[in-house]
Amino acid sequence: MRAMVLPGPGSPLALEERVDPQPAEGQIRVTVSACGVCRTDLHVVDGELPHIKYPIVPGHEIVGRVDLVGPDVTTHRVGDRVGIPWLGHTCGICRFCRQGTENLCDHPRFTGYTSDGGFATHTIADARYAFPLGEDGDDVAIAPLLCAGLIGWRSLVMAGDAERLGIYGFGAAGHIVAQIARWQGRAVHAFTRNGDVEAQEFARRLGAVWAGGSDQMPDGPLDAAIIYAPAGELVPAALRAVRKGGRVVCAGIHMSDIPSFPYDILWGERQLVSVANLTRQDGVDFLQVAPKAGVRTQTTAYPLAEANEVLAKLRTGQVLGAAVLRP
Ligand SMILES: [Zn+2]
Ligand SMILES: [Zn+2]
C-alpha cells in the first residue's frame, strides 16, 4: 500500500510504501477510493491537537470498498462500499458511552489522528464504526459527508429550531449544512472571510438569504449561529449577531484564543456551546437526511500525492466547497 504519512509535527507529509495491513478481530480492510480533506487534518499536520500518534496517516472522510474482513466480522462483506468517519472506536463502558454520548468517550480512537486514516490506498477500520453506503452516489461527492456533513449535522441539531441561522465559515461543512438548513425551511445567513466575494456568491447560489463578511452584522438578529472557521474572534462577533436566548455553536475541534468580550453580549440568556466529534447515530441520521434534502457537494478531486499542496490551499482559503484526495 501507499500512504501520505506525517512523520512529526509541522513536517510535510511524505509518500511511503508500506506492507499491506491485515485486519484483526472486529476489523475490516478497505481499499480507499476517495478521502476528503478536512480542516482538522490541518490541525493534525500543524500539531495543534494533543496526543497525535506519530507517524500518522491523516484523513477521516473515507469512502472505499471492503477488501478483507477480520476473523469474526459478519456485518460487512468483501466488496461492500463503506464510509469511515472521524470516530474510529469508543470504549462502550465509560459514563459517556453508557449515556448515549459516545462522542465524548473517555477512551476513543479517532481516524487519521490516533489511528491511521485515509490519505492512503488502504486503511484498517473497526467494522462497528464503518457506515454502509450502498451504491447510490459518486465516491468523491460522498467523501465530504463523512465529516463536514456529519459533524455539520450534529452542530445543526445543536442549533435547535433556529429559523434565522448564521453560518460562520462557508467551506466544506458550511456548504453542506446550508443546503440542509434551507431544506428544513430556515433562513441561512453566510459569513465568509472579509472580501471573499466568491464564497459569498457560492452561498447565495446554495440558497443563503444573506451573505457577507464575518465583520458585518446580518440583516437582523439571528436565532442561532454555527462557527466552522477556527478563528476565536468569531465568537464575540456571533454573540453580537444573535438575539436574546439565542445560541452560538462552536463546531471546530480547535480554535484560536477567544478575545475577551463584554458580558452584555452574552447576557440575555444567550448560550455558547461546543460540538465534539460524532456518535454513530449521528451518522445513521445524517446519511438518511442528506439524500432527502438533495445535498450536492461541491468538490475538487486531487491525486493522493498532492496532499501537501491541497492542505496549503485549504489553509489559505483557496478551496471552494471541499477538496478530496484520490489514490
Ligand atoms: Zn467510552
Ligand atoms: Zn473532519
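The values are calculated or read from the model by the stated rules, or taken from the named source; none is laboratory data. Bear in mind that the values here come from a model prediction, so they are computed numbers and not experimental data. Virtual Cβ from ideal backbone geometry, glycine too; neighbours counted across all protein chains shown.
Out of the residues in the range 113-135 that are in contact with a helix residue (DSSP H, G or I) (Cβ under 8 Å, 6 or more places away or on another chain), outside any loop (DSSP other than H, G, I, E, B) and of a type outside the set (D, E, K, R), state the one that is farthest from ligand 2 (Cβ to nearest atom).
Step one: list which residues in the range 113-135 are in contact with a helix residue (DSSP H, G or I) (Cβ under 8 Å, 6 or more places away or on another chain), which gives 113, 119-121, 128-129, 131, 133.
Narrowing the set further to residues that are outside any loop (DSSP other than H, G, I, E, B) leaves 120, 128-129, 131.
Applying the additional criterion that residues be of a type outside the set (D, E, K, R) yields 120, 129, 131.
Details: Ala120: 16, Tyr129: 14, Phe131: 15 Å.
Restricting to residues being in contact with a helix residue (DSSP H, G or I) (Cβ under 8 Å, 6 or more places away or on another chain), outside any loop (DSSP other than H, G, I, E, B) and of a type outside the set (D, E, K, R), the top hit is Ala120.
Condition first: of a type in the set (Lys, Arg), closer than 30 Å to Val19 by Cβ and outside any strand (DSSP E or B). Can you find one or more residues in the range 146-163 that meet it? No: the range 146-163 contains no residue that is of a type in the set (Lys, Arg), closer than 30 Å to Val19 by Cβ and outside any strand (DSSP E or B).
Between Thr75, Thr101, Thr31, the distinction of being of a type in the set (S, T, N, Q) and farther than 16 Å from Ile124 by Cβ belongs to Thr101 only.
Only one residue in Thr297, Thr279 is within 16 Å of ligand 1 (Cβ to nearest atom), under 24 Å from the mean Cα position of the chain (by Cα) and at pLDDT 95 or above, so which one is that? Walk me through it before giving the result.
Numbers: Thr297 fails: within 16 Å of ligand 1 (Cβ to nearest atom).
Of Thr297, Thr279, the one residue that is within 16 Å of ligand 1 (Cβ to nearest atom), under 24 Å from the mean Cα position of the chain (by Cα) and at pLDDT 95 or above is Thr279.
Does Phe131 meet the test of being of a type in the set (Phe, Trp, Tyr), surrounded by fewer than 24 Cβ atoms within 10 Å (Cβ to Cβ) and under 30 Å from Asp67 (Cα atoms)? Break it down stepwise before answering.
Details: of a type in the set (Phe, Trp, Tyr): yes; surrounded by fewer than 24 Cβ atoms within 10 Å (Cβ to Cβ): yes; under 30 Å from Asp67 (Cα atoms): yes.
So Phe131 passes the test.
Out of curiosity, is Leu287 surrounded by 20 or more Cβ atoms within 10 Å (Cβ to Cβ), assigned by TED's automatic domain parsing to the domain that holds Thr121 and within 30 Å of Arg109 (Cβ to Cβ)? Before the answer, list the steps.
Working: surrounded by 20 or more Cβ atoms within 10 Å (Cβ to Cβ): yes; assigned by TED's automatic domain parsing to the domain that holds Thr121: no; within 30 Å of Arg109 (Cβ to Cβ): yes.
No.
Taking the range 17-47 on its own, how many of its residues are closer than 21 Å to Arg81 by Cα, away from ligand 2 (no atom under 13 Å from the Cβ) and aliphatic (A, V, I, L, M)? Matching residues across the range 17-47 total 5.
Mind listing whichever residues of the range 68-125 are among the hydrophobic types (A, V, I, L, M, F, W, C) and within 16 Å of ligand 1 (Cβ to nearest atom)?
Keep residues of the range 68-125 that are among the hydrophobic types (A, V, I, L, M, F, W, C), which gives 68-69, 73, 78, 82, 84, 86-87, 91, 93-94, 96-97, 104-105, 110, 119-120, 124-125.
Those that are among the hydrophobic types (A, V, I, L, M, F, W, C) and within 16 Å of ligand 1 (Cβ to nearest atom): Trp86, Leu87, Cys91, Ile93, Cys94, Phe96, Cys97, Leu104, Cys105, Phe110.
Against the definition (out of contact with any His (no Cβ under 6 Å at 6 or more places or on another chain), within 15 Å of Asn308 (Cβ to Cβ) and basic (Lys, Arg)), how does Arg18 come out, yes or no?
In short, no.
When residues in the range 216-231 are screened for being at pLDDT 95 or above and over 24 Å from Ile151 (Cβ atoms), 4 of them pass. Scanning the range 59-112 for residues that are surrounded by fewer than 22 Cβ atoms within 10 Å (Cβ to Cβ) and of a type in the set (Asp, Glu), which turns out nearest to ligand 2 (Cβ to nearest atom)? Top of the filtered list is Asp106. Mind checking whether some residue in the range 232-252 is surrounded by fewer than 16 Cβ atoms within 10 Å (Cβ to Cβ), under 28 Å from Val57 (Cβ atoms) and modelled with pLDDT of 95 or more? Within the range 232-252, not a single residue is surrounded by fewer than 16 Cβ atoms within 10 Å (Cβ to Cβ), under 28 Å from Val57 (Cβ atoms) and modelled with pLDDT of 95 or more.
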